[in-house]
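First comes the structure, then the notes that go with it.
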Amino acid sequence: MHGVDRGCGLYYDRTKSSGRTGDLRQSFAHVVLGGYVAKAKPGMIWYSSMSGNVDSPALEHIHRARGLSDLAVIPLTSGGAETDFLELHFADHPGPVQQALLNTLSSTLVRTWSNRAPGRYLEACLKMSRTRKPEMPDTHLLSMTNPARLSRAEYRVCVLLSKGQSVKRVSHQLGISASTLRTHLRNIYAKTDIHNMSELVYRLVAMVVIDDENVGRGTAA
């Protein structure tokens with residue numbers, strides 16, 4: 001997370017590099033956005049692999065040292081004294097499913113960031129760094145063992161959400177009303193100890209992606 005004009009930022013590096021040469025301690029948004037860095041539309045996703053003339057030896061060096069291949073920049077604010085944005089570095093180029101999920105989440109990120117209380121995000125990050133994060137469950141929610149004991153309808157809702165479908169699209173695809181979908185989501189939250197849509201989508205995509213064929217053969221109680 002970076003502020004363009006002030007040059008400040010918050011960083012989370014899931015896999016620490018073996019040396020300083022691979023540390024992600026600077027922003028590359030200006031490289032990807034170019035002249036649009038201060039006026040890019042909030043929520044629009046810019047990929048370095050799709051930006052054409054990205055010429056940054058520093059970015060290329062870090063990606064090569066860390067085994068990374070792409071960078072996504074999501075502006076969270078624009079048009080003010082400074083621009084806030086989120087940078088995500090990927091080991092592999094995001095495929096259609098991953099891009100659809102980012103598109104689904106980007107509007108939520110922008111809305112959440114605009115409604116934040118200044119200083120609380122940093123406070124939360126510092127608090128998290130001092131506490132041990134709970135381990136991710138070993139079994140994916142959409143595995144064939146159906147660990148959360150989802151009903152067939154609830155399972156199908158999760159499958160569509162895992163493919164980047166919006167809530168409205170899920171309702172249309174399944175031919176159910178918005179109220180019925182909300183009921184399914186409440187049941188899913190209760191069975192998985194998940195509290196909201198963003199957490200559910202993260203849980204569905206945070207572990208190894210199950211191929212479509214296996215998902216289609218999965219059974220639900």
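The values are calculated or read from the model by the stated rules, or taken from the named source; none is laboratory data. Since this is a predicted model, take the numbers as computed values, not measurements. Heads up, the Cβs are rebuilt from the backbone with ideal geometry, glycines too, and the neighbour counts pull from every protein chain shown. Just so you know, the surface numbers come from the protein's heavy atoms only, side chains and all, with ligands and any DNA or RNA stripped out. Shrake-Rupley method; radii C 1.70, N 1.55, O 1.52, S 1.80 Å.
A few points about this structure:
- Filter pass, residue 50 being within 20 Å of residue 113 (Cα to Cα), at pLDDT 80 or above and open to solvent by 50 Å² or more (accessible area, probe 1.4 Å): no
- Here 45, 62 are screened, and the one residue that is touching a Ser or Thr at 6+ places or on another chain (Cβ under 9 Å), within 21 Å of residue 105 (Cβ to Cβ) and at pLDDT 80 or above is 45.
- Qualifying positions in the range 68-84 - at pLDDT 85 or above and either under 10 Å from residue 42 (Cα atoms) or part of a loop (DSSP other than H, G, I, E, B) (or both): 68, 69, 74, 75, 76
- Single condition residue 88 does not satisfy, out of (1) buried (at least 16 other Cβ atoms within 10 Å of the Cβ); (2) modelled with pLDDT of 85 or more; (3) within 20 Å of residue 107 (Cβ to Cβ): (1)
- Test: residue in the range 19-28 that is modelled with pLDDT of 70 or more and either of a type in the set (Phe, Trp, Tyr) or surrounded by fewer than 19 Cβ atoms within 10 Å (Cβ to Cβ) (or both): yes
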